[in-house]
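Have a look at the structure below before the remarks.
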Amino acid sequence: MAPSQKPSFLSVITLAALWLMTPVAWAAEITSDLAAADRWIFQPPSSPVLPCVKNQSWSQGPIDRFILRRLEATHLAPAPQTDRRTLIRRATFDLTGLPPTRAEVQDFVTDKSIHAFEKVVDRLLASPHYGERWGRHWLDVVRYADSNGLDENVAQANAWRYRDYVIGALNHDKPFDQFVREQIAGDLLPGDDPAIRNERLTATGFLVLGPKVLAEVDETKMEMDIVDEQIDTIGKAFLGLTLGCARCHDHKFDPITTEDYYALAGILKSTHTMDSFTKVARWHENTLHDPEHRAALVKHEAAVASQQATIDELLGSATDVLKRQLGAEASLPAKPEESFPAEIRQQLKELRAELTVLKKSVPVEPSAMGVQDGKAVEAAVHHRGSHLTLGKKVPRRIPTVFIHANTTEIAVESSGRLDLANWLTSADNPLSARVIVNRVWRWHFGRGLVGTPDNFGIMGAAPTHPELLDWLALDFMQEGWSLKRLHRQIMLSATYQMNSEANAEAADRDPQNQTYWRFNIHRLEAEELRDALLSVSGQLNESMGGPSLKIKNREFVFNHTSKDETQYDSKRRSVYLPVIRNHLHDSFTLFDYNDASTSNGDRNTSTVASQALYLMNSPFLVEASQHLADRVLAETVNVNSYRVNWLYETTLGRSATGEEVSRLLEYLERFEHSAEDQPQKISRSLAWQALCQTVLMSSEFIYVR
């Protein structure tokens, strides 16, 4: 066909039909050209030599040298360092998801020591808010939710224990390799300490959190659908690979075969995830050791026994009285209680009713969503993904592309989850460290060194700085898998501390900023926006942890017609609001919250009219503005120019300019003058409320530079 000649409609249909009819052969042709030796992601990270750069004075460490080499190669210069007020606002939102206080900004601005920013970073990493912010990032990856969604949207009322486990693990800087092992196989790790045992059992909630079709009538199909969802999440979360694509046929792009898929499926099929597959199916929960529950149970049993003794004593006493009344020779009636005085009968009725209620109020044994080992089995290949057409059974193992002479085999007598977890976090696995350091980079800069953090395969983006990615991955593993140390490395670099000012020449050469010639401006995420509004308005409840739902476990929580048990009226941080699949909080839906039905480490950022309308009309914004106005007016210095500066420093992290002060003072005067029919106190409050809302709606508040 000549280059200018268009293919006919018939030829296109024929090619499409042939492609659909021969998926396995087509995939084999693709993967044969993608031998592991030819794909960087399947090779261990190399130890790159630190590059030589011309502008050595700019570089603060290895990260900067890798970035600067690329900039110099493209004849670009890094942006100047940003100012301190911008930097502390950036860092505070970055690590805690909250704005800095006026005092924190002032302390940093006046600290002239060379370690001033280092002290800020260390303080933020030590804050409990760090775990709340970065725990939320991880909850995106593991598709966390407090309800099942899909057909039976029932409450996962104990999911919060996994959420709190994640927050606690990050705050304590649990080594990431240990963090991974606990989520895959925490129930199989040795240890006798009850508290640690509880943590590890809770961590396995990772495997249970996904949505499930709990009313599926075909139980075998339900089981394999759940296994498929687990494989897909493990692949994306830890390997950056779309393993789920191989359920029906060999992966069309990456060297993952159908047999590889069912080798992993055998591991998860040998894992007890569900207690029952019968409608409505029940996921498994691990019982947790809790001395307080045991004490409460003993106390409850004693209360039941005491109540029963009271009833027995009253019954015996009344019976004795009745016997005396009837005489020694008479026998008791068949139903002696009917002969008791009315007062005694009523008393017995009330005591028995209380006993019935008491027996039903048994303290609930604490449990957490999680798994345990089941019977070890091998999974058969499902032709085209159907459990109705089975092929040969595949021994449990990791994908072939990762196997070499020293690879540990899966234990025959167990599920193999512990072996899988150990391999995921070993030096033999070329991907886990790369994937997590790339995620951390993405969450700091808005884009990963690999722009598709959940897909490192051939259909994903190529790394912009492959040597830097490998250097970070190796250093991360060699230095103990510490996430907090990785944060410090990144944030103390000159790359992180650049300003975000535009540069026409650089923007023309690199409009996507793939060379990192400046720091990207980014909008606050949904949770950051809500938490920041609560924080600056003085409404934020900083209490941590605990349940998100006020209904019982497995109760129906929401449908689109007659059921809605969701409650979002809390003033706690957004990470503690319930995540109800199919019914997210309004502001979360508008501001690009994560889809809790699938693993996602790369949220989108949209700009649509409904976001502005929400900021202008939402009762939540009006309430926050009013509380902020009350804070402004409560300031001891009764001078409007001071109050304007206080407002700017509290919300934007900077003082108002002279022009801004004069314009806002003029506005306040005109507003109060136009509301002369209102009492002065009311008109002043309304003026400040409108002014505060204007500031809270501003791009400067909603965006981080």
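If you average the sequence gap of Cα pairs under 8 Å that are 6 or more apart and divide by the length of the chain, what percent do you get for the contact order?
Averaging sequence separation for qualifying contacts and normalising by length gives 21 percent for the chain.
For the range 463-592, max minus min Cα coordinate along each principal axis, in Å, sorted largest first?
56, 40, 32
So if I average 1/r over every pair of distinct C-alpha atoms in the range 392-546 and take the inverse, what Kirkwood radius in Å does that give?
Across the range 392-546, the inverse of the average 1/r is 19.0 Å.
Roll a 1.4 Å probe over the protein chains and send me the accessible area per residue for the range 89-230 in Å².
31 Å²
Checking the a/c ratio against 1.5 first, then a/b against b/c, what shape does the Cα gyration tensor give for the range 521-600?
Note, shape of the range 521-600 comes out oblate.
Checking a compactness column here: for the range 558-627, what do you get for Rg(Cα) / (2.2 N^0.38 Å), N being the number of residues?
1.23
What whole-number value in cubic angstrom gives the convex hull volume per residue for the C-alpha atoms of the range 210-273?
Dividing the Cα hull volume of the range 210-273 by its residues yields 87 Å³.
Specify whether the C-alpha gyration tensor of the range 51-135 places it in the rounded, prolate or oblate class, a ≥ b ≥ c being the square roots of the eigenvalues: rounded for a/c under 1.5, otherwise prolate if a/b is larger than b/c and oblate if not.
Because a/c hits 1.5 or more and a/b exceeds b/c, the range 51-135 counts as prolate.
I'd like to know how the chain sits against the 2.2 N^0.38 Å rule of thumb: what's its Cα Rg over that expected value?
Normalised by 2.2 N^0.38 Å, the Cα Rg of the chain equals 1.18.
How large is the accessible surface per residue of the range 247-331, computed with a 1.4 Å probe and reported in Å² as a whole number?
Accessible surface, normalised per residue, equals 51 Å².
Could you tell me the largest-minus-smallest coordinate of the C-alpha atoms of the range 285-326 on each of the three principal axes, in descending order and whole angstroms?
Computed over the Cα atoms, the extents are 58, 18, 6 Å.
Could the peptides 191-199, 179-187, 495-503, 114-122 be put in order, highest first, of the mean number of other beta-carbon atoms found within 10 Å of their residues?
The packing order, highest mean first, is 179-187, 495-503, 114-122, 191-199.
Using only the alpha carbon atoms of the range 137-224, find the Kirkwood hydrodynamic radius as the inverse mean reciprocal pair distance, in angstroms to one decimal.
Averaging 1/r across every pair of different Cα atoms and inverting gives 14.1 Å.
About the Cα centre of the chain, how large is the charge dipole given +1 on each Lys and Arg Cβ and -1 on each Asp and Glu Cβ? Please answer in debye to the nearest 20.
That gives the chain a dipole magnitude of about 620 debye.
Expressed as a whole percentage, what fraction of the accessible surface of the range 606-705 belongs to carbon and sulfur atoms when a 1.4 Å probe is rolled over the protein heavy atoms?
55 percent
Evaluate the range 327-369: find the radius of gyration of its Cα atoms, find its Kirkwood radius, and give the ratio Rg to Rh.
Ratio of gyration radius to Kirkwood radius for the range 327-369: 1.35.
For Arg572, which sequence-distant residues (separation of 5 or more, or a different chain) have an amide H within less than 5 Å of its own amide H, given hydrogens modelled in the peptide plane?
It is Asn541, by chain and number.
Could you pull the accessible area for Thr287 with a 1.4 Å probe, rounded to 10 Å²?
About 80 Å², ignoring ligands and nucleic acids.
On the first, second and third principal axes, largest extent first, how far apart are the outermost C-alpha atoms of the range 594-634 in Å?
Between the extreme Cα coordinates on each principal axis of the range 594-634 lie 45, 21, 14 Å.
If one computes P(r) from the Cα atoms of the range 152-294, what percent of pairs lie at distances over 20 Å?
Cα-Cα pairs of the range 152-294 separated by over 20 Å account for 53 percent.
Hey, can you find the accessible area per residue of the range 514-598 for me, probe 1.4 Å, expressed in square angstrom?
The answer is 42 Å² per residue.
With the alpha-carbon atoms as the only input, what is the per residue convex hull volume for the range 94-149 in Å³?
Per residue, the Cα convex hull of the range 94-149 comes to 89 Å³.
Report, in deg cm²/dmol and to the nearest 500, the calculated mean residue ellipticity at 222 nm for the chain, where each DSSP H run with n ≥ 4 adds -39500 (n - 2.57) and the sum is divided by the residue count.
-15000 deg cm²/dmol
For the range 68-78, what does the Karplus curve 6.51 cos²θ - 1.76 cosθ + 1.60, with θ = phi - 60°, yield as ³J(HN,Hα) per residue in whole Hz, taken in order and with x for Gly and Pro?
Each residue's phi maps through the Karplus curve to give 5, 4, 5, 4, 5, 5, 9, 6, 10, 10, x Hz.
I'd like the carbon and sulfur percentage of the solvent accessible area for the range 199-325, probe radius 1.4 Å, heavy atoms only, ligands and nucleic acids excluded.
It is 54 percent, rounded to a whole number.
Determine ³J(HN,Hα), in whole Hz, for all residues of the range 629-635 in sequence, where each value follows from phi through the Karplus function 6.51 cos²θ - 1.76 cosθ + 1.60 and θ = phi - 60°; x replaces Gly and Pro.
Those phi angles translate into 4, 4, 5, 4, 6, 7, 4 Hz.
Looking at the square roots a ≥ b ≥ c of the eigenvalues of the Cα gyration tensor of the range 366-415, which shape do they give, rounded for a/c under 1.5, prolate if a/b is larger than b/c, or oblate?
Oblate, because a/c is 1.5 or more while a/b does not exceed b/c.
Round to the nearest 10 and report in Å² the accessible area of Glu259, as given by a 1.4 Å probe over the protein chains' heavy atoms.
Its heavy atoms expose roughly 70 Å² to the probe.
From the C-alpha coordinates alone, can you work out the Kirkwood hydrodynamic radius of the range 324-396, in Å?
Averaging 1/r across every pair of different Cα atoms and inverting gives 19.8 Å.
For each pair in Lys375/Lys550; Lys119/Lys550; Lys54/Lys112; Lys252/Lys563; Lys392/Lys552; Lys174/Lys392, compute the distance between the two Cα atoms and list the pairs where it is over 32 Å.
Pairs exceeding 32 Å: Lys375/Lys550; Lys119/Lys550; Lys252/Lys563; Lys392/Lys552; Lys174/Lys392.
Quick check: at a probe of 1.4 Å, how many percent of the accessible area of the range 480-531 sits on carbon and sulfur atoms?
That fraction is 44 percent.
Could you order the peptides 366-374, 70-78 from most to least packed, using the average number of other C-beta atoms within 10 Å per residue?
Peptide ranking by packing, descending: 366-374, 70-78.
For Cα pairs less than 8 Å apart in space and 6+ apart in sequence, what is the mean separation divided by the residue count of the range 607-705, i.e. the relative contact order in percent?
In percent, rounded to a whole number, it is 36.
Work out from phi, with θ = phi - 60° and the Karplus expression 6.51 cos²θ - 1.76 cosθ + 1.60, the ³J(HN,Hα) of each residue of the range 358-374, listed in order in whole Hz, and give x for Gly and Pro.
4, 5, 7, 9, 4, x, 6, 5, x, 9, 9, 4, x, 10, 9, 5, x
Using only Cα atoms, figure out Rg for the range 64-191 and give it as a multiple of 2.2 N^0.38 Å.
Rounded to two decimals, the normalised Rg is 1.44.
Count neighbours as other Cβ atoms within 10 Å of each site's Cβ, and list the GluC sites (Glu not before Pro) in the range 274-349 that are DSSP loop with at most 14 such neighbours.
Passing sites in the range 274-349 are Glu329.
Rounded to two decimals, what ratio of Rg to Rh does the range 180-227 give with C-alpha atoms and a Kirkwood Rh?
A ratio of 1.15.
The values are calculated or read from the model by the stated rules, or taken from the named source; none is laboratory data. Predicted, not measured: the structure shown is a model, and the values here were computed from it. Because the Cβ atoms are built from the backbone with ideal geometry, glycine has one as well, and the counts that use them run over all protein chains shown. Keep in mind that these areas ignore ligands, DNA and RNA; they rest on the heavy atoms of the full protein, side chains included. Shrake-Rupley method; radii C 1.70, N 1.55, O 1.52, S 1.80 Å.
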